Every structure is written in C-alpha cells, then in structure tokens.
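To start, the structure under review is shown below, and the notes come after it.
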Amino acid sequence: MFEEFFVERLTSLRNQKKVSAREMSLSLGQNESYINRIENRLAFPSMQVFFYICEYFQITPQEFFDEKNPAPGKINQISEEIKSLDELQLDTVMAVIKGLQHKTK
C-alpha cells in the first residue's frame with residue numbers, strides 16, 4: 001500500500017516539476033535509471049535518498065505523504081509569495097480561492 005502510494009506520489013511530483021526520471025536521477029547523484037527503476041517498482045530508495053528526494057522537491061517528508069495536498073511544492077511557493085501581500089491583496093486572494101472552491105463543488 002505505501003509502496004504504491006510512494007511510486008504514484010514520486011511520479012506525480014516529478015511530472016509537476018516537469019523533469020525526466022533521468023534528469024532527476026542525475027540531480028540526486030544517482031545513476032541515470034535510478035528514478036525510473038523506482039517508478040517501475042524495481043527498486044526502493046534508502047531513507048537517506050528519500051530525504052534527498054524531498055529536498056529535491058523542496059518539501060518535507062510529511063508533505064510527501066500528505067494525501068490531501070496534491071501539489072506541496074506549489075503550495076509552499078504560494079505560501080511564500082503571499083507573505084509579501086498587504087491586507088487588501090490578501091482579501092482579494094481569499095475571494096479568488098473561495099470562488100474557485102465554489103465552482104468545483
């Protein structure tokens with residue numbers, strides 16, 4: 001169960017970042033087929049490499065396993081950008097969010 005989730009989450013986050021499995025593997029200091037082998041369920045990362053994977057995506061291990069957060073990297077980016085807005089801008093952002101939520105229900 002966790003292995004399946006892990007593979008799906010890894011693939012999803014990699015696709016969101018728009019990088020190939022080869023590019024990610026090399027960025028992690030692994031051989032070029034490392035991520036591909038994980039995604040094809042032929043390998044599983046060590047704990048140390050898992051932490052490198054989280055660092056690569058700029059997320060925490062908790063965010064990696066948070067099923068309710070489909071795009072933790074993007075949410076972290078949004079969170080950082082929001083910190084620079086004034087109160088009126090924050091109200092506008094909140095109104096947009098509520099409008100988007102209302103349309104999806």
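Write out, first by first residue and then by second, each pair whose Cβ atoms fall under 9 Å of each other, whose residues are 6+ apart or on separate chains, and whose first residue, in segment 80-100, is assigned to a helix (DSSP H, G or I) while the second is not aliphatic (A, V, I, L, M).
Listed pairs, sorted by first residue: I82/Q89.
Could you pull out every one of the helices (runs of 4 or more DSSP H) wholly within segment 1-61 that has 1 or more residues that are over 18 Å from P72 (Cβ atoms), touching a residue at least 40 places away in the same chain (Cβ under 8 Å) and out of contact with any Gly (no Cβ under 7 Å at 6 or more places or on another chain)?
2-17
Bear in mind these aren't lab numbers, they're just calculated from the coordinates by the rules spelled out. This one's a predicted model, so the numbers in the text were calculated from it and none came from an experiment. We place every Cβ from the backbone using ideal geometry, glycine too, and count neighbours over all the protein chains shown.
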